[in-house]
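Visitor: Here's a structure for you.
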Amino acid sequence: KNLFVKSPSGQKFILMVDDNGNLLTKSSIPKNVVVVGNSLTYNWGNFGLAASNPTLDWYAHVKDYVTTVNASATFNRFGLIDWENATTTSDRDTVFNNEMKPSLSADTDLVIVQLGDNVNSDEKYATFANDVKRLIQNIKSISPKATVVWVASWYQNYPNLLTDISNACSSTGATFVNIRKFATQGGNTSQVGAVQTDANGNQRTITDSGQASHPGDQGHKLIGDEVIRNFDF
């Protein structure tokens, strides 16, 4: 999906252009990764609902892949559900400025966004199509060399939600990773009674259907594999 050039030593670089027409290059191998999302990415125990443990959520699969390519890559993962729950462009800009912008820098070269599932009311959806594009642009304004990957959506509350995300990615040069099909296939969700264990050995049991409808270990693996499949490295 990208244009590549090689240095005399054979190192692979992605060729990019900014809004002023200036050509930029960056290594195809990420060094500084930021990942934001909702409960599928960052929930109880600081990992994805409803993976069995932190080594089995989709983020862990992606991180494992990236570190096999670059063992020194740094990662910053956190929740950004406030962006989904906001109901105006202005409020979503505020969430970006307060909660995401401080974690971005000119050195950030891969940003993965997993958002859209909790856009479940007319108020939240009213400016959603515009705000997806704006969030990508806001990320690029701080991290102009970042590859932006948008992962969506396990839950789809509006029929055009995925199209909105796909169009925003197409118009901004981001990559859209569609995971909706995995949510509708049998065997990919968790179940009531399943147990999660955090990195410190603390445990909790999935007790309701809402939690159980999240991806189980198989669902998380499929999400991670799909994200990896869309990488250019």
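FYI, it's all coordinate maths here, none of it is from the lab. Worth saying up front: this structure is predicted, and the values here are computed from it rather than measured. Please note: Cβ atoms are built from the backbone with ideal geometry, for glycine as well, and neighbour counts cover all protein chains shown.
Visitor: Whose amide H sits under 5 Å from the amide H of Thr189, counting only residues 5 or more places off or on another chain, with H placed in the peptide plane?
Guide: Gly216
Visitor: Stretched out fully, how many nm does the piece from Ser27 to Asn98 gain, at 0.36 nm a residue minus the Cα gap?
Guide: Working: separation 71, 0.36 × 71 = 25.56 nm, distance 2.89 nm.
Full extension of this stretch gives 22.7 nm more.
Visitor: Right, another one. Taking a threshold of 31 Å on the Cα-Cα distance, which of the pairs Lys12/Lys181; Lys63/Lys145; Lys63/Lys181; Lys12/Lys140; Lys6/Lys181; Lys12/Lys124 fall above it? Before the final figure, lay out each step's value.
Guide: Values: Lys12/Lys181 33 Å; Lys63/Lys145 20 Å; Lys63/Lys181 23 Å; Lys12/Lys140 22 Å; Lys6/Lys181 36 Å; Lys12/Lys124 41 Å.
Violating the 31 Å Cα-Cα cut-off are Lys12/Lys181; Lys6/Lys181; Lys12/Lys124.
Visitor: Another question, then. Would you look at the GNM of the chain, springs on alpha carbons closer than 10 Å, and say which of Val69, Val132, Val35 moves the most?
Guide: Among Val69, Val132, Val35, the largest GNM mean-square fluctuation belongs to Val69.
Visitor: Any chance you could give the angle, 0 to 90 degrees and rounded to 10, that helix 58-69 forms with the longest Cα principal axis of the chain?
Guide: The two axes meet at around 40 degrees.
Visitor: What FRET efficiency would be calculated for the residue pair Gln203, Asn2, taking the C-beta separation as r and a Förster radius of 45 Å, to the nearest 0.05?
Guide: Numbers: r = 43 Å, r/R0 = 0.95.
It comes out at approximately 0.60.
Visitor: Now, a different point. Taking 0.36 nm per residue of sequence separation and subtracting the Cα-Cα distance, how much length would be gained by fully extending the chain between Ile228 and Asp18, in nm to one decimal?
Guide: On the way: separation 210, 0.36 × 210 = 75.60 nm, distance 2.54 nm.
Computed gain between Ile228 and Asp18 is 73.1 nm.
Visitor: What number comes out for the charge environment of Gln11, summing +1 per Lys or Arg and -1 per Asp or Glu over other residues with Cβ under 15 Å away?
Guide: Numbers: positive: Lys6, Lys12, Lys26, Lys31; negative: Asp109, Asp232.
With Lys, Arg at +1 and Asp, Glu at -1, the neighbours total +2.
Visitor: Consider all pairwise Cα distances in region 77-188 and report the whole-number % of them above 22 Å. Don't skip to the answer; put the middle values down first.
Guide: Working: 1719 of 6216 pairs.
It works out to 28 percent of all Cα pairs.
Visitor: Kindly state, to the nearest 0.05, the FRET efficiency for Asp122 paired with Thr67, given R0 = 41 Å and r defined as their beta-carbon distance. Please report the intermediate quantities before stating the final value.
Guide: On the way: r = 42 Å, r/R0 = 1.02.
Approximately 0.45, to the nearest 0.05.
Visitor: So what is the 222 nm mean residue ellipticity for the chain from helices alone, if each DSSP H run of at least 4 adds -39500 (n - 2.57) and you divide by all residues, rounding to the nearest 500 deg cm²/dmol?
Guide: Numbers: 9 runs with 76 residues, N = 233.
Rounded to the nearest 500, it is -9000 deg cm²/dmol.
Visitor: Given q = 0.08, 0.11, 0.13, 0.17 Å⁻¹, what are the Debye log10 I(q)/I(0) values for the chain, with equal point scatterers placed on the Cα positions and solvent ignored?
Guide: -0.29, -0.55, -0.77, -1.30
Visitor: In whole Å, what are the Cα extents of region 24-140 along the three principal axes, biggest one first?
Guide: Largest first, region 24-140 extends 43, 41, 20 Å along its Cα principal axes.
Visitor: Given labels modelled 7 Å from the Cα in the Cβ direction, how far is it in nm from Ser90 to Phe75?
Guide: The two pseudo-label positions are separated by 3.8 nm.
Visitor: Would you mind classifying region 1-41 by shape? Square roots of the alpha carbon gyration tensor eigenvalues, ordered a ≥ b ≥ c; an a/c under 1.5 is rounded, otherwise it is prolate if a/b is larger than b/c and oblate if not.
Guide: Details: a/c = 3.18, a/b = 1.65, b/c = 1.93.
Oblate is the answer for region 1-41, as a/c is 1.5 or above yet b/c matches or exceeds a/b.
Visitor: Short version: ³J(HN,Hα) in whole Hz for each residue of region 30-44, in order, from phi by Karplus 6.51 cos²θ - 1.76 cosθ + 1.60 (θ = phi - 60°), x for Gly and Pro, what are they?
Guide: Taking θ as phi minus 60°, the curve returns x, 10, 9, 10, 10, 10, 10, x, 9, 5, 5, 10, 8, 9, 3 Hz for region 30-44.
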